[in-house]
1. Here is a list: 181, 189. Which entry is in contact with a helix residue (DSSP H, G or I) (Cβ under 7 Å, 6 or more places away or on another chain) and touching a residue at least 40 places away in the same chain (Cβ under 8 Å)?
2. Being part of a strand (DSSP E or B) and of a type in the set (Phe, Trp, Tyr) is the filter; apply it to the range 158-197 and report the residue that is farthest from residue 82 (Cα to Cα).
3. Tell me which strands (runs of 3 or more DSSP E) are completely within the range 34-112 and hold 1 or more residues being in contact with a His (Cβ under 8 Å, 6 or more places away or on another chain), or say none if there are none.
4. Tell me yes or no: at least one residue of the range 132-145 is surrounded by 13 or more Cβ atoms within 10 Å (Cβ to Cβ), within 19 Å of the chain's Cα centre (by Cα) and at pLDDT 95 or above.
5. Output the residues belonging to the range 200-224 that are under 13 Å from the mean Cα position of the chain (by Cα) and either closer than 21 Å to residue 153 by Cβ or among the β-branched types (Val, Ile, Thr) (or both).
6. For the range 47-98, give me each residue that is among the charged types (D, E, K, R) and more than 30 Å from residue 29 (Cβ to Cβ).
7. Quick one: is residue 41 buried (at least 18 other Cβ atoms within 10 Å of the Cβ), within 17 Å of the chain's Cα centre (by Cα) and assigned by TED's automatic domain parsing to the domain that holds residue 130?
8. Please count how many residues of the range 16-27 are of a type in the set (Asp, Glu) and within 22 Å of the chain's Cα centre (by Cα).
Amino acid sequence: MSYQLICTDIDGTLLNKDRELSEITIQEVQRISPIPFVLISSRMPKGMRHLQSEFGNTTTPLIAYNGGLVLNSKNEILHSTAICNLVLAEIINQCDNTEIHLSLFHADEWYVPSMDYWAKREENNTKVTPVVKSSTAVLSSWKEEGKGAHKIMCMGDAEEIDALYKTLEISFSNEIMLYRSKDTYIEISHKEISKKTAIDVLLKNYYTNVTMDKVIAFGDNYNDIEMLKAVGLGVAVANANLEVLKVADAVTDTNKNDGVAKAIKEFIK
């Protein structure tokens with residue numbers, strides 16, 4: 001099979017134990033150029049562009065927020081789906097009188113109520129610094145500007161996070177997607193988007209000569225499952241969740257052992 005597009009998750013899949021790109025990964029991506037190598041992540045665009053620069057690969061689109069925002073190589077919006085502000089208002093209300101940290105994202109905007117432990121941790125992981133602003137003030141601004149959240153992150157004590165998850169699942173299961181990468185995290189996005197729908201956007205509006213069976217995708221977690229099942233070759237890294245390993249067409253080495261680079265070398269000669 002002659003593959004024409006590669007899409008890869010970042011955290012837990014592409015980056016090594018230091019949350020960086022290894023030299024062999026950079027070399028393999030550069031070797032197979034000009035096959036487009038598209039980053040597809042729950043991260044914001046700012047948290048992905050420095051990786052593109054390391055590849056020398058700044059002319060490909062970006063898929064941010066698990067598909068909530070799709071940008072072309074000129075940073076123009078191909079697709080954008082945000083969470084309704086009525087839902088955001090209720091999430092803010094639910095987090096009042098708790099220790100839960102709320103991070104609010106729209107495009108390249110990231111707001112936190114304070115530079116607490118959680119904000120500093122995410123800053124370290126993504127190499128992006130947030131703006132300190134209260135959640136209610138952000139909501140007020142977004143209402144005036146006609147914006148909404150592409151992603152909401154709730155982080156904190158596992159018991160409080162568990163209680164919030166159950167409440168939101170009951171109240172808004174038809175409107176939002178709740179994803180727990182850890183017991184102390186909830187990532188919230190719009191119900192209608194996914195990494196698979198984002199690839200559909202790219203194939204319809206950007207890579208119009210590429211079909212889904214010509215796409216390779218890499219992933220490790222639950223939010224990668226739909227994507228891995230849809231593409232021509234869905235590859236899981238060995239450290240992936242069991243459910244991901246079950247649906248993958250192939251399994252490569254772990255992210256810490258350059259699994260993506262090894263699979264590229266194997267499948268693209």
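1. 189
2. Here is the first cut: in the range 158-197, the ones part of a strand (DSSP E or B) are 176-179, 185-190.
Of the ones still in play, those that are also of a type in the set (Phe, Trp, Tyr) are 179, 185.
Numbers: 179: 16, 185: 20 Å.
Result: 185.
3. Working: elements: 37-40, 62-64, 69-71, 77-80, 101-106, 109-112.
It comes to 62-64, 69-71, 77-80, 101-106, 109-112.
4. no
5. Scanning the range 200-224 gives 219, 220, 221, 222, 223, 224.
6. Taking the range 47-98 first, the residues among the charged types (D, E, K, R) are 49, 54, 74, 76, 90, 96.
Correct list: 90, 96.
7. Taking the combined requirement at face value, the residue does not satisfy it.
8. Selection size over the range 16-27: 2.
The values are calculated or read from the model by the stated rules, or taken from the named source; none is laboratory data. The model shown is predicted, which means the values in this text are computed figures rather than measured ones. Backbone-built Cβ (ideal geometry, glycine too); neighbour counts: all protein chains shown.
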